[in-house]
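Note sheet for the following structure.
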Protein chains: 2
Amino acid sequence: MLILVPKHELFNPVSSKKSLINYVNNFVELSSEETHQLESSFEEVKVKKRQFIVQPGFTNMHRAFVVKGAFRAYIITNDGQEHTLQFAIENWWISDFNSYIYQHPATLFIVALEDSTILQIEYNQEQELKKSNHKFETFFRIMAEKGLAFEHRRILFNLTNSAEARYENFLLNFPNFVNRVPQYALASYLGMTTEFLSRIRNKRIKKS
Amino acid sequence: MLILVPKHELFNPVSSKKSLINYVNNFVELSSEETHQLESSFEEVKVKKRQFIVQPGFTNMHRAFVVKGAFRAYIITNDGQEHTLQFAIENWWISDFNSYIYQHPATLFIVALEDSTILQIEYNQEQELKKSNHKFETFFRIMAEKGLAFEHRRILFNLTNSAEARYENFLLNFPNFVNRVPQYALASYLGMTTEFLSRIRNKRIKKS
DNA sequence: TTTTTTTCTTGACCTACTTCATTTTTATTG
DNA sequence: CAATAAAAATGAAGTAGGTCAAGAAAAAAA
């Protein structure tokens, strides 16, 4: 039997928080009390396409979990060029990590690439959670370790591969991202120009 | 009053472990019992120049803290080229982090650049420490977060700067490393050839 | 649906960095 | 302290990828 749900309830706080709890439970086992504690530490926020959740000069006060939608974290250099550090879609975390953990002004822009829903926790609340319960400390430790391991793989891959190989690798590892991020943003993530990525893509199409 | 100490005692287990305890105390405050617990979890190992502590194909069983000396972590690609992921000198940690945290076979070589002394903890012992005491969990969480923040800065810097600027930046940020790592290794860390780094250096000398 | 803005494509030319081969310098070993 | 090996320097030629400019396509706004 099919139940019709009004559109605005599809990502209401209750269901969106389920996806976070589900995620966290992959790494630590939460009791019902801990589940409640975690849920009440996060706030649901809707973000429209092209809206910024982090901007240079302002300290990044929140760590965000993407429930729905897509984001991009990037820097703009003096000469006006954009360079992408990170993308995030459903079930990924995003922040200006240097700004967040050191509580310094951000250097990154973080912008929504689609209308999105995030769950965000405030810096002080996160400190509270970690201090009050070993399990939450463990969770954030695992997140940081996985993040670090990921960036090690990325750095090595970037050092050892050509622009074309980097693109091929991205396609292979993140097929879900490719059609949701603009080409110029992907190019700047992979360390090449949008023109050059365009040529790589067209060469591929002609081959197949 | 000056006390003369036989050379072989300068880095005996007691004093080398002090440097680790000192380091850890920068991030969490250890009781004397916790200090003892931490000390007894680490083993001192002397490593001769050119000796490997991690090799591809073998799982990296230890996390190492450098008490004295210098190390280099690098990969060798199919075409024989070396690419450096990390250096470590006194008070830095080194491991094939992906191999260590996932307990998978390593892809990196880690080699001593000088006769060195490390303190190493075994994977299972580290898990024990973290499980048994919230404070140790916190410590390793902070290590991972700082590592991740560092690599974010590195990736952004690499994306946004020329070979020459990357070298200048390394000089500025890590003056202690420069004279202790071979040029070809530094070049491969910075993502350029040793020939090109040689030219950059000579251009600098002529300028000044 | 039309207009406007943003993104992508394509061609022509350019340059930062690589490759290869040889010599010089520095470090290691017997 | 020779002899040998490893690392660094240097020149000449090559190329992966960048820049710039203009048009085409797609998306957003009106």
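The values are calculated or read from the model by the stated rules, or taken from the named source; none is laboratory data. The structure presented is a predicted model; accordingly, all values stated were derived computationally and were not measured. Cβ atoms come from the backbone with ideal geometry, glycine included; neighbour counts cover every protein chain shown. Heads up: the accessible areas ignore ligands, DNA and RNA and are worked out on the full protein's heavy atoms, side chains in. Shrake-Rupley method; radii C 1.70, N 1.55, O 1.52, S 1.80 Å.
Quick rundown of the values:
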read-out: Residue count, region B:176-208 (criterion: open to solvent by 70 Å² or more (accessible area, probe 1.4 Å) and more than 12 Å from DNA strand D (Cβ to nearest atom)); value: 3
read-out: Residue match in region B:114-133 (condition: at pLDDT 95 or above, buried (at least 19 other Cβ atoms within 10 Å of the Cβ) and under 17 Å from residue B:189 (Cβ atoms)); value: no
read-out: Which listed residue is closer than 23 Å to residue B:25 by Cβ and aromatic (Phe, Trp, Tyr), from B:139, B:97, B:109, B:174; value: B:139
read-out: Which numbered condition residue B:73 fails, given (1) within 12 Å of chain A (Cβ to nearest Cβ); (2) assigned to a strand (DSSP E or B); (3) in contact (Cβ under 8 Å) with a residue 40 or more places away in the chain; (4) not acidic (Asp, Glu); value: (3)
read-out: Contacts under 8 angstrom Cβ, first residue in region A:84-102 being assigned to a loop (DSSP other than H, G, I, E, B), partner open to solvent by 40 Å² or more (accessible area, probe 1.4 Å), 6 or more apart; value: A:89/A:176; A:89/A:180; A:90/A:68; A:95/A:62; A:96/A:107
read-out: Residue satisfying condition, being open to solvent by 70 Å² or more (accessible area, probe 1.4 Å) and under 18 Å from residue A:122 (Cβ atoms), within set A:58, A:42; value: A:58
read-out: Of all residues making up region B:105-133, the number that are in a strand (DSSP E or B), over 19 Å from residue B:41 (Cα atoms) and touching a residue at least 60 places away in the same chain (Cβ under 8 Å); value: 3
read-out: Residue within region A:123-143 that is in contact with a Phe, Trp or Tyr (Cβ under 9 Å, 6 or more places away or on another chain), more than 26 Å from residue B:101 (Cα to Cα) and among the aliphatic types (A, V, I, L, M) present; value: no
read-out: Residue satisfying condition, being on the phi < 0 side of the Ramachandran plot and near DNA strand C (Cβ under 10 Å from one of its atoms), within set A:187, A:163; value: A:187
read-out: Residue that is nearest to residue B:145 (Cα to Cα), among those in region A:75-99 that are more than 14 Å from the chain's Cα centre (by Cα) and crowded, with 19+ Cβ neighbours inside 10 Å; value: A:98
read-out: Candidates B:140, B:150, filtered to the one that is open to solvent by less than 20 Å² (accessible area, probe 1.4 Å) and out of contact with any Cys (no Cβ under 6 Å at 6 or more places or on another chain); value: B:140
read-out: Qualifying residue in region B:93-104 (condition: more than 25 Å from residue A:142 (Cβ to Cβ) and among the hydrophobic types (A, V, I, L, M, F, W, C)); value: no
read-out: Test: residue in region B:189-207 that is free of Cβ contacts under 8 Å to residues at least 12 places away in the same chain, within 11 Å of chain A (Cβ to nearest Cβ) and not in a loop (DSSP other than H, G, I, E, B); value: no
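Rundown of residues vs (1) away from every other protein chain (no Cβ under 12 Å); (2) touching a His at 6+ places or on another chain (Cβ under 8 Å); (3) away from DNA strand C (no atom under 16 Å from the Cβ); (4) not in a helix (DSSP H, G or I), yes/no style:
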| position | (1), (2), (3), (4) |
| --- | --- |
| A:135 | no, no, yes, no |
| A:140 | no, no, yes, no |
| A:143 | no, no, yes, no |
| A:146 | no, no, yes, no |
| A:153 | no, no, yes, no |
| A:167 | yes, no, no, no |
| A:180 | yes, no, no, yes |
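Yes/no matrix, rows are residues, columns are (1) under 16 Å from the mean Cα position of the chain (by Cα); (2) closer than 21 Å to residue B:151 by Cα:
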residue: A:119; (1), (2): yes, no
residue: A:158; (1), (2): no, yes
residue: A:161; (1), (2): no, yes
residue: A:195; (1), (2): no, no
residue: A:200; (1), (2): no, no
